[in-house]
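Engineer: My structure is below; once you've seen it, I'll send some questions.
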Amino acid sequence: MRAETLNVLKTAAAIVVLVAAYLFRPPLFDNAGERTVSRPADLLPFQSLVRDAPGADQRMFRELQEGLLEAERIRAVTGRWPEAMALASDGIPPFAADPTRKGASYRWSTLVQGSTVNYVGIPNLPSATAWLLAILEPEAGAPPDPAPNDETHHRLPDGTTLHVSIWQVPENIRRSGFSAVAMPQNEGWTQLLVGTAR
């Protein structure tokens, strides 16, 4: 009798939790029938989630992640970051021309200033989006970074922890020219993240 009462109470509690979760969930659509985009509270003003970006931007983000992994592999083997032109000649996306890509085509440059490495993609259309893959290596003699590997911290086989980020900005407001971009958020760039900020 006691076990049966306990099971009934557990079931009732589960139903209450499910009903509360349903009633207090954020709305998926606004009054006009448009899908609402919820912004996680821990995103900074210059950050956005990839899932909220248009499909073409999501594809470019994935290609930049792939290109970053290949560049890291080369950096680990040679001790130097490859030039964008070398990545393009090896067929590494997004640096290599892709005949299936619709819209803008990109001219990629590698910009190195101290411990900052930028791969910048400039579109041929002013209405398109410019892209930045920013890599920050530790300063010489800096203590090892204990941060765990995640989407903004990558560790090379020798233990070097890199701070990596992917940014975008409309080409018609890009102000950084072809100099290395040390603080993209100060120049109107938006950082794209898969997860929320840490």
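Engineer: With respect to Leu133, determine if the residue is aliphatic (A, V, I, L, M) and under 16 Å from Phe61 (Cβ atoms).
Structural biologist: Working: aliphatic (A, V, I, L, M): yes; under 16 Å from Phe61 (Cβ atoms): yes.
It is true that Leu133 is aliphatic (A, V, I, L, M) and under 16 Å from Phe61 (Cβ atoms).
Engineer: Testing Thr129 on (1) of a type outside the set (A, V, I, L, M); (2) loosely packed, with under 14 Cβ neighbours inside 10 Å; (3) within 21 Å of Ile92 (Cα to Cα), one condition comes back false. Which one is that?
Structural biologist: Checking Thr129 against (1) of a type outside the set (A, V, I, L, M); (2) loosely packed, with under 14 Cβ neighbours inside 10 Å; (3) within 21 Å of Ile92 (Cα to Cα), the one that fails is (2).
Engineer: Now for a separate question. Could you list all residues from the stretch 57-115 that are surrounded by fewer than 16 Cβ atoms within 10 Å (Cβ to Cβ), of a type in the set (Val, Ile, Thr) and under 24 Å from Glu137 (Cα atoms)?
Structural biologist: Of everything in the stretch 57-115, those that are surrounded by fewer than 16 Cβ atoms within 10 Å (Cβ to Cβ), of a type in the set (Val, Ile, Thr) and under 24 Å from Glu137 (Cα atoms) turn out to be Val77, Thr78, Val112.
Engineer: Would you check which residues across the stretch 171-198 are exposed (fewer than 15 other Cβ atoms within 10 Å of the Cβ) and at pLDDT 90 or above and list them?
Structural biologist: Val194
Engineer: Identify, please: which residue in the stretch 63-106 is under 15 Å from Val120 (Cβ atoms) and assigned to a loop (DSSP other than H, G, I, E, B) and is, among those, modelled with the lowest pLDDT?
Structural biologist: As a first pass, look at the stretch 63-106 and keep what is under 15 Å from Val120 (Cβ atoms): 63-64, 67-68, 71, 81-85, 87-88, 94-95, 104-106.
Subset that is assigned to a loop (DSSP other than H, G, I, E, B): 81-83, 94-95, 104-105.
Working: Trp81: 96, Pro82: 97, Glu83: 97, Pro94: 96, Phe95: 96, Ala104: 89, Ser105: 92.
Here the answer is Ala104.
Engineer: Restricting attention to the stretch 130-149, does a residue exist that is closer than 29 Å to Pro45 by Cβ, in a helix (DSSP H, G or I), of a type outside the set (D, E, K, R) and free of Cβ contacts under 8 Å to residues at least 24 places away in the same chain?
Structural biologist: No, every residue in the stretch 130-149 fails to be closer than 29 Å to Pro45 by Cβ, in a helix (DSSP H, G or I), of a type outside the set (D, E, K, R) and free of Cβ contacts under 8 Å to residues at least 24 places away in the same chain.
Engineer: Working only within the stretch 105-124, note down all residues that are in contact (Cβ under 8 Å) with a residue 40 or more places away in the chain, of a type in the set (A, V, I, L, M, F, W, C) and out of contact with any Ser or Thr (no Cβ under 8 Å at 6 or more places or on another chain).
Structural biologist: Once the filter is applied, which keeps residues that are in contact (Cβ under 8 Å) with a residue 40 or more places away in the chain, of a type in the set (A, V, I, L, M, F, W, C) and out of contact with any Ser or Thr (no Cβ under 8 Å at 6 or more places or on another chain), the stretch 105-124 yields only Val112.
Engineer: Return the residues of the stretch 109-129 that are in a strand (DSSP E or B) and hydrophobic (A, V, I, L, M, F, W, C); say none if nothing qualifies. Don't jump to the end; show me each part of the working.
Structural biologist: Kept after step one, since they are in a strand (DSSP E or B), are these residues of the stretch 109-129: 109-113, 116-123, 129.
Residues satisfying the conditions are Leu111, Val112, Val117, Val120, Ile122.
Engineer: Now, a different point. Just name the residue that is modelled with the lowest pLDDT out of those in the stretch 51-62 that are within 19 Å of Val120 (Cβ to Cβ) and assigned to a helix (DSSP H, G or I). Working first, answer last.
Structural biologist: As a first pass, look at the stretch 51-62 and keep what is within 19 Å of Val120 (Cβ to Cβ): 53, 56-57, 59-62.
Next, from what is left, pick out any that are assigned to a helix (DSSP H, G or I): 56-57, 59-62.
On the way: Ala56: 91, Asp57: 94, Arg59: 94, Met60: 95, Phe61: 97, Arg62: 96.
This residue is Ala56.
The values are calculated or read from the model by the stated rules, or taken from the named source; none is laboratory data. Remember, it's a predicted structure, so these values are computed and weren't measured experimentally. Quick reminder, even Gly has a Cβ in these numbers, built from the backbone with ideal geometry, and neighbours come from all protein chains shown.
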